[in-house]
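Here's the structure, in structure tokens; my notes come after.
The values are calculated or read from the model by the stated rules, or taken from the named source; none is laboratory data. From a predicted model like this one, the values you see are computed outputs, not experimental measurements. Please note: Cβ atoms are built from the backbone with ideal geometry, for glycine as well, and neighbour counts cover all protein chains shown. We work out accessible area using only protein heavy atoms, side chains counted, and drop any ligands, DNA or RNA first. Shrake-Rupley method; radii C 1.70, N 1.55, O 1.52, S 1.80 Å.
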Amino acid sequence: METIRFAGKEHENFYYDMLAVAGNTDVYHRAFFYTMGISKETRCHIRYLFDFKENCIKPQNLSAAWQTGGTIRLCRLAFNLWNGWTEEGKERYSAPFELFDCRFAPYFFEAIRLRYPEYCRSLEYPGMQLSIMER
């Protein structure tokens, strides 16, 4: 069983509830709803950020009045993990330098792990045990 690090019970409940509502547990949905669930604000406004009927993101609501610097970072990461989205002319704001400069950063790593599980497995070197000093 996979262990997922959540910001709290509300985050965890939101994640599983949204996967059930979407009816999909692929890596795109997992990473997106995990990221959106980190903040109370994005949880409360999920229907402004995701179209469940069309199964797509709503980047036009990135500039909604309720958004804060932190929630905008959450949305940018979630949108990018969904389909590589970046805001035209503001692509640099989707870079780690900008995104990870907030209190949600510890959970961003988990979102990336959910999106790219094949690359986030522990690295093992068959037949070789290297100490950290030898690497």
Next item on the list: Could you tell me which numbered condition ASP51 fails, if it satisfies all but one of (1) over 19 Å from PRO96 (Cα atoms); (2) open to solvent by less than 50 Å² (accessible area, probe 1.4 Å); (3) touching a helix residue (DSSP H, G or I) at 6+ places or on another chain (Cβ under 9 Å)?
Entry: (3)
Check: (1) more than 15 Å from the chain's Cα centre (by Cα); (2) open to solvent by less than 40 Å² (accessible area, probe 1.4 Å); (3) within 18 Å of GLU12 (Cα to Cα): which one isn't true of PHE104, the others all being true?
Finding: (1)
Check: Counting only residues that are hydroxyl-bearing (Ser, Thr, Tyr) and part of a loop (DSSP other than H, G, I, E, B), how many does region 29-88 have?
Finding: 3
Checklist line | Positions within region 21-43 being open to solvent by 40 Å² or more (accessible area, probe 1.4 Å) and either over 16 Å from the mean Cα position of the chain (by Cα) or hydroxyl-bearing (Ser, Thr, Tyr) (or both), in sequence order | finding: VAL21, GLY23, THR25, TYR28
Notebook entry, point to check: What are the residues in region 80-105 that are in contact (Cβ under 8 Å) with a residue 12 or more places away in the chain and closer than 16 Å to PHE33 by Cα, if any?
Noted result: ASN80, LEU81, TRP82, ASN83, TRP85, PHE104
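Could you pull out the residue among PHE97, PHE109 that is over 25 Å from GLU12 (Cβ atoms) and not in a loop (DSSP other than H, G, I, E, B)? Don't jump to the end; show me each part of the working.
Details: PHE109 fails: over 25 Å from GLU12 (Cβ atoms).
Being over 25 Å from GLU12 (Cβ atoms) and not in a loop (DSSP other than H, G, I, E, B) holds for just one of PHE97, PHE109, which is PHE97.
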